[in-house]
Amino acid sequence: MTPPRIQLIHAVTGSVDPIHDAFARLWPGAVHVDLTDTSLATDLEAAGELTDDFARRMTALVRYGIDCGADAVLFTCSAFGTAIEASRVGVDIPVLKPDEAMIEAALAIGPRIGGLATFGPTIPSLARELENAAEARGLNPEITLHHVADAFQALKGGDAAKHNSHVAKAAAEMTDVDVLILAQYTMVQAMGDIAEVAGRPVLAAPDEAVKKLRKLLGG
């Protein structure tokens, strides 16, 4: 039996290793291939909001993945929610947003959801994703999101230790929640620095995405 082929689409190079690691641990039998366009992140930072142009570009990337034989597509940058939704139109394979599986898992844990993001444009996108998913399930969660801006700058400067320290500090200040979610795939590297809080699991988007893909494709 031919193993499923997953097209990974990245907007930052830092997302590559975290999702590769998640596949290695959780679904080593899958074939995953990478497509990276870092102009997506820089252009979104410059634009300040998602425009129709991003939807067009996302659609083109998905079509390319399908042409290459993908059985599913996973985007790994969490700031492009509505553009990714647009790319699904007319497509008959799963196209996953980076954080949708993590959001589903978080909503199943409890009503008080805390979220950390290091890339600013992710905050409004994540809030919308959480609210839409909750509404679809008839839930009314208490959502607290925080932008860890210093962490993103540290990572851009190549200082992973400083990035991890900023993320861990922000996590330590968000203890009164039922679950804590890390929005960026690049934040996985800080998991080991986040202090454990009883009754507050921490979810990472790459792991949850791989679990969902495996379930969808029967791996």
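The values are calculated or read from the model by the stated rules, or taken from the named source; none is laboratory data. Here the structure is a predicted model, which means the values were calculated and not measured. A quick note on method: Cβ atoms are made from the backbone with ideal geometry, for glycine too, and the neighbour counts reach across all protein chains shown.
Per-structure values
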quantity: Residue list for the range 17-59, restricted to those being β-branched (Val, Ile, Thr) and in a loop (DSSP other than H, G, I, E, B); calculated: Thr38, Thr51
quantity: Number of the exception - Val62 against (1) modelled with pLDDT of 95 or more; (2) assigned to a loop (DSSP other than H, G, I, E, B); calculated: (2)
quantity: Selection status of Asp159, out of contact with any strand residue (DSSP E or B) (no Cβ under 6 Å at 6 or more places or on another chain) and of a type outside the set (A, V, I, L, M); calculated: yes
quantity: Residue within the range 66-79 that is surrounded by 19 or more Cβ atoms within 10 Å (Cβ to Cβ), among the small types (Gly, Ala, Ser) and closer than 24 Å to His163 by Cα present; calculated: yes
quantity: Some residue of the range 151-167 being among the acidic types (Asp, Glu) and either under 27 Å from Asp43 (Cα atoms) or in contact with a Cys (Cβ under 6 Å, 6 or more places away or on another chain) (or both); calculated: yes
quantity: Entirely in the range 71-171, the strands (runs of 3 or more DSSP E) that have 1 or more residues that are under 22 Å from Asp193 (Cβ atoms) and outside the structural domain of Gly14 (by TED's automatic domain parsing); calculated: 112-117, 142-147
quantity: Lone unmet requirement of (1) in contact (Cβ under 8 Å) with a residue 60 or more places away in the chain; (2) over 19 Å from Asp37 (Cα atoms); (3) of a type in the set (S, T, N, Q) for Thr186; calculated: (2)
quantity: Qualifying residue in the range 162-176 (condition: in contact with a helix residue (DSSP H, G or I) (Cβ under 7 Å, 6 or more places away or on another chain), among the hydrophobic types (A, V, I, L, M, F, W, C) and surrounded by fewer than 16 Cβ atoms within 10 Å (Cβ to Cβ)); calculated: no
quantity: Any hit, the range 20-40, residues being closer than 22 Å to Glu85 by Cα, of a type in the set (Phe, Trp, Tyr) and touching a residue at least 12 places away in the same chain (Cβ under 8 Å); calculated: no
quantity: Of residues in the range 183-201 being closer than 22 Å to Glu129 by Cβ and not aliphatic (A, V, I, L, M), the one surrounded by the fewest Cβ atoms within 10 Å (Cβ to Cβ); calculated: Pro201
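Each row is one residue, and each column tells you yes or no for (1) touching a residue at least 60 places away in the same chain (Cβ under 8 Å); (2) within 17 Å of the chain's Cα centre (by Cα); (3) farther than 18 Å from Ala101 by Cα.
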| residue | (1), (2), (3) |
| --- | --- |
| Pro141 | no, no, no |
| Ser165 | no, no, yes |
| Thr175 | no, no, yes |
| Leu182 | yes, yes, no |
| Ala205 | yes, yes, no |
| Ala209 | yes, yes, no |
